[in-house]
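Quick notes on the structure that follows.
The values are calculated or read from the model by the stated rules, or taken from the named source; none is laboratory data. Just so it is clear, the structure is predicted and the values come from calculations on it, not from any experiment. Note that each Cβ is placed from the backbone with ideal geometry, even for glycine, and that neighbours are counted across all protein chains shown.
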Amino acid sequence: MEKKITLYNTLTQKSEELVPREKNKIKMYVCGPTVYDSAHLGHARAAVTFDVIERFLSHVGFEVTYVRNFTDIDDKIINRANETGIPAHEISEKYIEEYREDMASIGVKRPTVEPKVTEHVPEIIDLIERIIGNGYAYQSGDDVFFAVKKFKGYGKLSKRDPDDMLAGTRIDINEKKEDPLDFALWKGAKPGEPFWESPWGRGRPGWHIECSTMSMKYLGPSFDIHGGGKDLIFPHHENEIAQSEAATGKEFARYWVHNGLIQINREKMSKSVGNILNVRDAVTMWNREAIRLFFLSHQYLNPADFSDTTMGESEAALERLYITLKRAKDQRKNKNADDSELAGAAASFGRKWVETMCDDFNTADAIGNLFELTRAVNRSIDSRGWSPALEAALKEIGHFGKTLGILEYEPEEYLQTIKLQKKSAGITEDEIEELIKERNSARSDKNWKRADEIREELSSRGILLEDKSEGTIWRVKG
RNA sequence: GGCGGCGUAGCCAAGUGGUAAGGCAGCGGUCUGCAAAACCGCAAUGCCCCGGUUCGAAUCCGGGCGCCGCCUCCA
């Protein structure tokens with residue numbers, strides 16, 4: 001392992017070389033969902049982003065410990081419980097289950113550890129006591145607050161000056177706080193709310209403290225990468241830093257990595273706009289690999305605008321890759337002398353995609369390299385069929401695909417079976433084969449009229465035919 | 001008001017000092033019974049605008065214009 005990896009660090013606002021605290025090991029914590037509702041595309045993009053970062057770091061030889069939490073007790077869950085009459089823990093369990101299914105449905109691997117807040121309350125209480133002991137937090141009634149102004153580094157992540165932060169904001173004035181900027185580490189329970197016993201009475205953890213507790217429990221007081229969506233920079237991550245460093249006196253996370261947000265048809269995706277797209281709905285409309293390819297065709301730092309048009313383009317791009325993969329596999333019998341040009345292109349792609357990924361996980365750039373190799377592959381197939389170089393190119397494409405979590409189907413499976421379920425007008429593979437047989441006998445009789453009728457009929461039902469020298473093949477259009 | 005970011009062909013999108021990747025759509029050609037796929041070629045003389053630095057800028061600096069995110073729960 002001697003790859004030099006650079007990544008953009010929100011904390012320093014610069015690209016920096018990734019230097020792990022422990023040689024060859026990366027410890028990474030990513031904020032997971034608060035489980036009170038179904039996962040949406042924003043969760044999906046964050047999960048895919050860090051999934052690919054994890055896969056790539058592993059690919060180049062790091063041993064990655066990846067922690068992603070579930071926030072399973074929180075005001076939003078309690079509100080949902082009050083609205084529905086369903087106990088809070090049942091709500092959170094339900095959406096944890098859903099989240100796992102949804103992420104699996106878009107090929108996101110499970111992290112090393114997925115801790116839940118409710119299983120770490122004793123550790124949370126310990127951490128709060130340390131913060132109080134160090135003079136950075138105070139009890140007020142049955143709540144505990146973090147004293148923001150006492151922590152000199154407050155604002156260093158989000159580049160805010162605490163002294164300026166009150167002007168024009170909507171910070172709620174709570175007379176239990178010594179300063180309006182202070183935030184809750186522990187919240188006393190109101191009647192009927194879930195609670196745990198604590199030195200300050202019955203209550204529950206505030207938002208933020210759980211991530212400090214669980215990241216430090218599994219990764220140590222100082223670790224390498226802390227990630228999440230850009231929307232978490234303030235206040236969540238700012239507060240995590242303050243709490244954690246107030247407790248330990250040590251640097252918390254070294255590299256702060258934030259993925260850009262999703263827009264839907266050029267609008268912010270939000271509950272108030274009413275345009276939230278859930279993962280479970282999205283996967284009924286588009287193939288999961290097309291969704292991943294869509295995300296990964298954007299540099300993770302930038303926003304990504306999701307729409308029928310942009311998704312259609314991703315599906316078309318994915319299709320081009322699979323068509324090429326299928327062409328390549330169909331050449332197996334057609335062995336020929338090696339193709340030095342393709343051999344060079346394959347080797348150069350192998351180097352380039354890794355280099356490109358080393359430069360801040362630039363999947364979009366690397367995908368560009370992939371399409372250049374795709375052209376070289378097709379050119380070689382046209383001129384000489386199968387060759388050792390083709391084999392090498394496919395192998396390299398496989399490595400890259402595996403890192404991105406795409407191109408994992410058999411080409412026929414993708415082009416036929418999978419798309420048939422989604423796109424075609426109720427036709428079976430057997431019916432298609434039957435019509436192809438009939439058409440081919442018409443073709444051998446030079447009955448072009450009948451042959452074209454059959455092509456037309458299949459076309460109107462979403463099936464596209466291609467007459468190859470080896471025979472007629474088909475795939476689902478669109 | 002404060003902080004951060006973005007503006008590259010019809011659309012999507014890389015590229016952050018060395019002379020514009022890639023995908024989709026389009027046009028011309030080869031191939032084909034016709035198609036499709038594939039390949040070849042064409043397509044931004046220029047990267048929002050105006051100045052500046054430099055041998056050289058989409059890339060750096062200054063000033064505009066436009067758009068967006070965060071500052072409240074949020075991936």
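List of remarks:
- Number of the exception - A:Ser272 against (1) at pLDDT 90 or above; (2) within 10 Å of RNA strand B (Cβ to nearest atom); (3) over 18 Å from the mean Cα position of the chain (by Cα): (1)
- The strands (runs of 3 or more DSSP E) located wholly in region A:187-287 that include 1 or more residues which are in contact (Cβ under 8 Å) with a residue 24 or more places away in the chain and hydrophobic (A, V, I, L, M, F, W, C) occupy A:223-229, A:253-259, A:262-264.
- Comparison of A:Phe183, A:Phe151, A:Phe145 shows that the only residue that is out of contact with any helix residue (DSSP H, G or I) (no Cβ under 9 Å at 6 or more places or on another chain) and either surrounded by 14 or more Cβ atoms within 10 Å (Cβ to Cβ) or at pLDDT 95 or above (or both) is A:Phe145.
- A single member of A:Glu123, A:Glu193 is within 28 Å of A:Ile225 (Cα to Cα), away from RNA strand B (no atom under 12 Å from the Cβ) and touching a helix residue (DSSP H, G or I) at 6+ places or on another chain (Cβ under 9 Å), and it is A:Glu123.
- Among the residues of region A:221-270, those identified as of a type in the set (Asp, Glu) and out of contact with any Lys or Arg (no Cβ under 9 Å at 6 or more places or on another chain) are A:Asp231, A:Glu240, A:Glu245, A:Glu251, A:Glu267.
- Residues in region A:120-157 that are assigned to a helix (DSSP H, G or I) and either touching a Phe, Trp or Tyr at 6+ places or on another chain (Cβ under 9 Å) or basic (Lys, Arg) (or both): A:Val121, A:Pro122, A:Ile124, A:Ile125, A:Ile128, A:Arg130, A:Ile131, A:Ile132, A:Val148, A:Lys149, A:Lys150.
- Scanning region A:49-77 for residues that are under 18 Å from A:Lys230 (Cβ atoms) and touching a Leu at 6+ places or on another chain (Cβ under 7 Å) returns a single hit, A:Val52.
Residues are listed down the side, and each one gets a yes or a no for (1) in contact (Cβ under 8 Å) with a residue 40 or more places away in the chain; (2) among the small types (Gly, Ala, Ser); (3) not in a helix (DSSP H, G or I):
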| residue | (1), (2), (3) |
| --- | --- |
| A:Pro20 | yes, no, yes |
| A:Gly32 | yes, yes, yes |
| A:Ser38 | yes, yes, yes |
| A:Phe56 | yes, no, no |
| A:Ile77 | yes, no, no |
| A:Ile86 | no, no, yes |
| A:Val108 | yes, no, yes |
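- Of all residues in region A:436-472, those satisfying the criterion of being under 43 Å from the mean Cα position of the chain (by Cα) and among the charged types (D, E, K, R) are A:Arg455, A:Glu456, A:Glu457, A:Arg461, A:Glu466, A:Asp467, A:Lys468, A:Glu470.
- Applying the condition of being of a type in the set (Lys, Arg) and under 20 Å from A:Leu465 (Cβ atoms) to region A:296-344 and asking which residue is nearest to RNA strand B (Cβ to nearest atom) yields A:Arg320.
- Whether a residue is outside any helix (DSSP H, G or I) and acidic (Asp, Glu) was assessed, and A:Asp338 passes this test.
- Some residue of region A:407-428 being buried (at least 17 other Cβ atoms within 10 Å of the Cβ), of a type outside the set (Phe, Trp, Tyr), within 10 Å of RNA strand B (Cβ to nearest atom) and modelled with pLDDT of 95 or more: no
- Options A:Gly398, A:Gly385; residue that is without any contact (Cβ under 8 Å) to a residue 12 or more places away in the chain and more than 25 Å from A:Asn259 (Cα to Cα): A:Gly398
- Within region A:247-266, considering residues that are surrounded by fewer than 24 Cβ atoms within 10 Å (Cβ to Cβ) and among the small types (Gly, Ala, Ser), the one nearest to RNA strand B (Cβ to nearest atom): A:Gly260
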